[in-house]
Amino acid sequence: MTTGKIVGVNGNMITVAFDGPVAQNEVGYAKLGDMRLMAEIVRVRGDRCDMQVFESTNDLMVGTPVEFSGELLAAELGPGMLAQVYDGLQNPLAGLAAEAGKISADASYFLQRGMYLPGLPRDRKWDFHPTAKVGDKVAAGDPIGWVTEGIFDGKTMPGHKIMAPFALKGRYTISYIAPAGDYTVAETVARLAPEGGAGGEVEVRMMQRWPVKVPIRCYKERLEPTETLETTVRTIDTFFPVAVGGTYCIPGPFGAGKTVLQQTTARYAKVDIVISAACGERAGEVVETLKEFPEIVDPKTGQSLMQRTIIICNTSSMPVASREASVYTAVTLAEYFRQQGLNVLVLADSTSRWAQAMRELSGRLEEIPGEEAFPAYLESRIAAFYERAGRVRLRDGSTGSVTIGGTVSPAGGNFDEPVTQATLKVVGGFHGLSRARSDARRYPAIDPLDSWSHYSSVIEQDRVERIRGILRRGNEVSQMMKVVGEEGTSLADFTVYLKAEFLDAVYLQQNAFSDNDATTPVARQRIMFGVVEKAMLAEYSFAEKDETRKFFMDLQQTFIDWNDKAVDSPEFAALKDELEKKIAAASKS
Ligand code: ADP
Ligand code: MG
């Protein structure tokens, strides 16, 4: 094992002189008495390397011994990850808190330095159901059996699949498979003999380790992200859709609603698993989520939402270096579940904090800075992260997906900065939050004029475009009216303005904190959009602005009442009828 000694300390970076082979991104530990502080090699030069330490570097000094592990920064993959709250290094935080003997719910999310716990519980047994038999041929990532894990019980949902190690090269024959029974993640459940007989047998355990910065690519092919991912947020699904296996970003100034929007999506989006990476946001906010989530009932399963959720949490008070690890850990866990044929959503909040960590490290490495002192490789790192999204076909013909949505929090809400710009170049959808909208409490504050998406909507494109056209014209009239006043505006223009306001009030705005309004499934969006369309395309017979305004105020109120009704209730049908009659009665015949 290679060892070394610290020759320099600079913030969270140490420079180490070493005596054997080391590799870029290899993990090592600085040894402080009994304490071992984890670090990752970020640059190798001759017989010295620079390492980012995932802990406070207090007390580290020239001469402190360092031990290298020979392994890249890796995640443990297998049963036992769901419902966990991890830090960026995949330490289970509840476990750490218990270990540290802390009791307070808030304090428990701050770890003791140098304490690391396995990502997967070692003592827990899982009910292994073999699906492959001796003599079967397998390759990397092929399922050989499954276990029950929470809602993944092999009944309404598939079981948690146990797969041949992702690192296998070529084809193997199963020479042993464990009988059905209870096993820990460390026990052997199968042995594989390489085809052609070259090399030794491979022991298969339920747990495997995978380097987080390397994408898992055991699938047969990548597919185009053509299917709309149902988020049940109307503005998104109808106007700025996300695709299953696609990417999108939510830039917005502080307080514009990024985190609330991510949490709404985590709750309601039609996916199998959500991995939420809270990256560098305020601790209070994160703790709130952690307390709330286990109590929220998953509308899909009737069970706690946590059963299909993993939270990776690195608050602003945790060491900066682990922010970087947290986004990679999140996406690696997502790829693992995609390989099982599941649809996974990764939510990263906020990627700006991750970029700041990159900037800090780059500064310490004294690299040539790019724009706003971000490293020159900022764009390629961001691109590489989003490229790990995708819908894939597996070797057995089934499909799985990883969708990535990241928030960006540019200072002052100015989107013309490197992180937002680099992200916009690679993502398929842009949900720009506007300060003006959030100030007016028009939530979600997704700007309906600036935002865009390359993916397909749940409504036909030409219908969406026609309505957006009215919205755009309504906005122009609104700007003009600020100058010339209502009196100087024609009745026709004024009507366009009212139509746009109507759309905003009844369709774009959606209250995340109201049970009935927070989530609008696609089927209901189609019905609602049909009525909105009628109201907006109608030519009205009014002679005066006041009359027109009254009509729209009344229509809006009826529509908002309608939004509150269950789709299968008699009131729903009655109000739809009422809305349509009102529109027809006011229209030119
Ligand atoms: P950000 O993450 O962009 O800083 P938050 O998501 O924390 O902002 O939102 C700030 C506040 O705005 C929330 O605490 C909430 O009061 C309000 N808010 C945001 N989104 C909504 C929404 N969809 N419905 C109602 N209120 C919202
Ligand atoms: Mg936030």
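The values are calculated or read from the model by the stated rules, or taken from the named source; none is laboratory data. Note that the structure is a prediction, hence the values are computed from the model and not measured. Glycine also receives a Cβ, built like all others from the backbone with ideal geometry; neighbour counts cover every protein chain displayed.
Miscellaneous remarks
- Residues of segment 347-361 satisfying the condition of being small (Gly, Ala, Ser) and not in a helix (DSSP H, G or I): Ala348, Ser350
- Selection of first residues in segment 370-399 that are closer than 23 Å to Ala140 by Cα and of second residues that are basic (Lys, Arg) and assigned to a loop (DSSP other than H, G, I, E, B), restricted to Cβ pairs under 8 Å at least 6 apart or on distinct chains, gives the following pairs, ordered by first then second residue: Val392/Lys220; Arg393/Lys220; Leu394/Lys220; Arg395/Lys220.
- Elements of the type strands (runs of 3 or more DSSP E) sitting completely within segment 163-210 and holding at least 3 residues that are surrounded by 15 or more Cβ atoms within 10 Å (Cβ to Cβ), at pLDDT 95 or above and not β-branched (Val, Ile, Thr): these cover 188-194.
- Whichever residue in segment 251-291 is at pLDDT below 85 and among the aliphatic types (A, V, I, L, M) and, among such residues, is nearest to ligand 2 (Cβ to nearest atom): Val286
- Near pairs, Cβ below 9 angstrom, 6+ apart or cross-chain, from segment 566-580 (closer than 19 Å to Ala535 by Cβ and in contact (Cβ under 8 Å) with a residue 12 or more places away in the chain) to any residue that is surrounded by 14 or more Cβ atoms within 10 Å (Cβ to Cβ) and hydroxyl-bearing (Ser, Thr, Tyr): Leu575/Thr558; Glu578/Thr558; Leu579/Thr558
- Residue ranges of strands (runs of 3 or more DSSP E) in segment 1-93 with at least 1 members among the charged types (D, E, K, R): 3-10, 26-32, 35-45, 48-53, 65-72, 74-77
- Failed item, numbered, when Ser438 is tested on (1) farther than 29 Å from Met163 by Cβ; (2) in contact with a Ser or Thr (Cβ under 9 Å, 6 or more places away or on another chain): (2)
- Residue ID - farthest from the chain's Cα centre (by Cα), chosen from residues in segment 114-145 that are within 28 Å of Gly88 (Cβ to Cβ) and surrounded by fewer than 15 Cβ atoms within 10 Å (Cβ to Cβ): Asp123
- Every residue from segment 406-449 that is without any contact (Cβ under 8 Å) to a residue 40 or more places away in the chain, within 14 Å of ligand 1 (Cβ to nearest atom) and in a loop (DSSP other than H, G, I, E, B): Ala440, Arg441, Asp447
- Residues that are more than 27 Å from Val244 (Cα to Cα) and of a type outside the set (D, E, K, R) within segment 419-458 comprise Ala436, Ser438, Ala440, listed in sequence order.
- Extreme residue, nearest to ligand 2 (Cβ to nearest atom), among residues of segment 305-349 that are among the polar types (S, T, N, Q) and under 14 Å from the mean Cα position of the chain (by Cα): Ser326
- Out of Leu229, Leu223, one residue alone is touching a residue at least 60 places away in the same chain (Cβ under 8 Å), over 18 Å from the mean Cα position of the chain (by Cα) and more than 12 Å from ligand 1 (Cβ to nearest atom). It is Leu223.
- Residues of segment 457-513 satisfying the condition of being in contact with a strand residue (DSSP E or B) (Cβ under 8 Å, 6 or more places away or on another chain), more than 16 Å from ligand 1 (Cβ to nearest atom) and not hydroxyl-bearing (Ser, Thr, Tyr): Val458
- Residues (surrounded by fewer than 23 Cβ atoms within 10 Å (Cβ to Cβ) and either among the aliphatic types (A, V, I, L, M) or more than 15 Å from ligand 1 (Cβ to nearest atom) (or both)) located in segment 248-268: Val260
- Cross-chain or 6+ apart pairs with Cβ under 7 Å, segment 347-368 first and within 18 Å of Ala278 (Cβ to Cβ) and touching a residue at least 60 places away in the same chain (Cβ under 8 Å), then more than 16 Å from ligand 1 (Cβ to nearest atom) and of a type in the set (D, E, K, R): Arg353/Arg323; Trp354/Arg323; Trp354/Glu324; Ala357/Arg323; Ala357/Glu324
- In this structure, Gly245 qualifies as more than 12 Å from ligand 1 (Cβ to nearest atom) and under 13 Å from the mean Cα position of the chain (by Cα).
- Gln421 meets all of the listed conditions (1) surrounded by fewer than 19 Cβ atoms within 10 Å (Cβ to Cβ); (2) over 24 Å from the mean Cα position of the chain (by Cα); (3) at pLDDT 95 or above but one, namely (2).
- Residue within segment 461-469 that is within 19 Å of Thr407 (Cβ to Cβ) and either part of a helix (DSSP H, G or I) or within 16 Å of ligand 2 (Cβ to nearest atom) (or both) present: no
- Residue selected from segment 330-355 under the condition closer than 14 Å to Phe385 by Cβ and among the β-branched types (Val, Ile, Thr), by the criterion farthest from ligand 1 (Cβ to nearest atom): Thr332
- Residue in segment 135-150 that is closer than 16 Å to Phe337 by Cβ, at pLDDT below 95, of a type outside the set (A, V, I, L, M, F, W, C) and part of a loop (DSSP other than H, G, I, E, B) present: yes
- Flag for Tyr219 being aromatic (Phe, Trp, Tyr), farther than 30 Å from Leu471 by Cβ and buried (at least 23 other Cβ atoms within 10 Å of the Cβ): no
- Criterion (within 30 Å of Leu378 (Cβ to Cβ) and touching a Cys at 6+ places or on another chain (Cβ under 9 Å)) met by exactly one of Leu433, Leu424: Leu424
- Selection within segment 333-350: residues that are modelled with pLDDT of 95 or more and of a type in the set (Gly, Ala, Ser). The member of this set that is surrounded by the fewest Cβ atoms within 10 Å (Cβ to Cβ) is Gly341.
- Residue within segment 287-304 that is under 12 Å from the mean Cα position of the chain (by Cα) and either buried (at least 24 other Cβ atoms within 10 Å of the Cβ) or within 13 Å of ligand 1 (Cβ to nearest atom) (or both) present: no
- Among the residues here, Ala389 qualifies as closer than 13 Å to Tyr248 by Cα, crowded, with 23+ Cβ neighbours inside 10 Å and among the small types (Gly, Ala, Ser).
- Evaluation of Leu168 against (1) within 29 Å of the chain's Cα centre (by Cα); (2) aliphatic (A, V, I, L, M); (3) closer than 16 Å to Pro79 by Cβ (one fails), failing number: (3)
- Just one of the listed residues (Thr519, Thr489, Thr495) is polar (S, T, N, Q) and within 14 Å of Ile236 (Cβ to Cβ), namely Thr519.
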